[in-house]
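Everything on this sheet refers to the single structure shown next.
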Amino acid sequence: QEKLRKIITLGCGLRSMEINDSITHVVIGEVVASDILALNNLAECPHVVTTDWLMECLNRHTRVSEEEYLHSDLGLKASVKHRHGTKLE
């Protein structure tokens, strides 16, 4: 967790240990069933990405497209929250 915190901080991101409507991205290393349930209970699902997405953003020094790093196998809602709050279907 400390390594993840440092990586997020380097990228000027904010880390939250709580799943709520204000988060835009969830980086999943290990799938936790209770977290998936909490994500499905949100009005809009944030981008749920692999740790590879976070590393690629760090390597490129910019936010890269989430598309190829999305966890599409978790049974989450199709609509996701865009960085500026608009929905992507």
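The values are calculated or read from the model by the stated rules, or taken from the named source; none is laboratory data. The structure presented is a predicted model; accordingly, all values stated were derived computationally and were not measured. So basically every Cβ, Gly included, is an ideal-geometry build from the backbone, and we count neighbours across all protein chains shown. We work out accessible area using only protein heavy atoms, side chains counted, and drop any ligands, DNA or RNA first. Shrake-Rupley method; radii C 1.70, N 1.55, O 1.52, S 1.80 Å.
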Placed amide H near VAL64: partners under 5 Å, 5+ positions off or other chain: CYS57
Residue by residue, what Karplus-based ³J(HN,Hα) values in Hz, rounded to whole numbers, does region 19-24 have, using 6.51, -1.76 and 1.60 with θ = phi - 60° and x for Gly and Pro? 8, 8, 5, 8, 7, 9
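Can you give the extra length, in nm with one decimal, that the chain gains between LEU4 and ALA43 once fully stretched, where that is 0.36 nm per residue apart less the Cα-Cα distance? Mind showing how you got there, number by number?
On the way: separation 39, 0.36 × 39 = 14.04 nm, distance 2.65 nm.
Length gained between LEU4 and ALA43: 11.4 nm.
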Calculated from backbone phi, Karplus (6.51, -1.76, 1.60) coupling profile of region 39-49 in Hz, x at Gly/Pro: 5, 5, 8, 6, 4, 10, 7, x, 5, 10, 10
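Rolling a 1.4 angstrom probe over the protein heavy atoms, how many square angstrom per residue are accessible across region 1-60? Before the final figure, lay out the partial values.
Values: 3950 Å² over 60 residues.
Result: 66 Å² per residue.
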Work out how far the C-alpha atoms of region 1-60 reach from end to end along every principal axis, then list the three figures in whole Å, largest first. 32, 21, 19
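By per-residue mean of other Cβ atoms within 10 Å, what is the highest-first order of 42-52, 13-23? Write down the numbers at each step before the final one.
Values: 42-52: 16.7, 13-23: 11.3.
Sorting 42-52, 13-23 by mean packing, highest first, produces 42-52, 13-23.
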